[in-house]
Amino acid sequence: MTTCTLCDLPTGADPHTSPDVDGEFCCRGCLAVARSLDDVDGLDEIEERRPDAEPDDEFDGETAFLHVDGMHCATCESFLEMTAGDQPGVAAAEASYATDTIRVDYDPDAVSAE
């Protein structure tokens, strides 16, 4: 059995691949992360950019809990948190592949839950 080029989880019988990315991946999340990195050794960069799970004391916005289909591993969590955290108006994001959800703390004047 092969393992994911990014997170080392088993890829299963039908690994996710793409002609523009080297390797085989366990899920679409790992494939998307690998595509966004110059190389798969850049996973530490995601952890460094990961937004805080809790909003700061000055946060005066709203919190949305969103269902996310297709999260498979901690790499998916990190990728979603990084992507959400890069959006203007998002104070914090915390994803969980175990529950297929992401909590997003956001300023409703700057961004909508949709």
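The values are calculated or read from the model by the stated rules, or taken from the named source; none is laboratory data. Remember, it's a predicted structure, so these values are computed and weren't measured experimentally. What goes into the accessible areas is simple: the full protein's heavy atoms, side chains included, and nothing from ligands, DNA or RNA. Shrake-Rupley method; radii C 1.70, N 1.55, O 1.52, S 1.80 Å.
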Going by accessible area, probe 1.4 Å, with all protein chains left in place, what is the ranking of PHE25, PHE65, PHE79, largest first?
PHE65, PHE79, PHE25
So, taking all protein chains as they sit and a 1.4 Å probe, how much accessible area belongs to THR63, in Å² rounded to tens?
70
Calc'd 3J(HN,Hα), the stretch 99-105, phi into Karplus 6.51 cos²θ - 1.76 cosθ + 1.60 (θ = phi - 60°), Hz, glycine/Pro = x, comes to 10, 6, 9, 9, 9, 10, 9
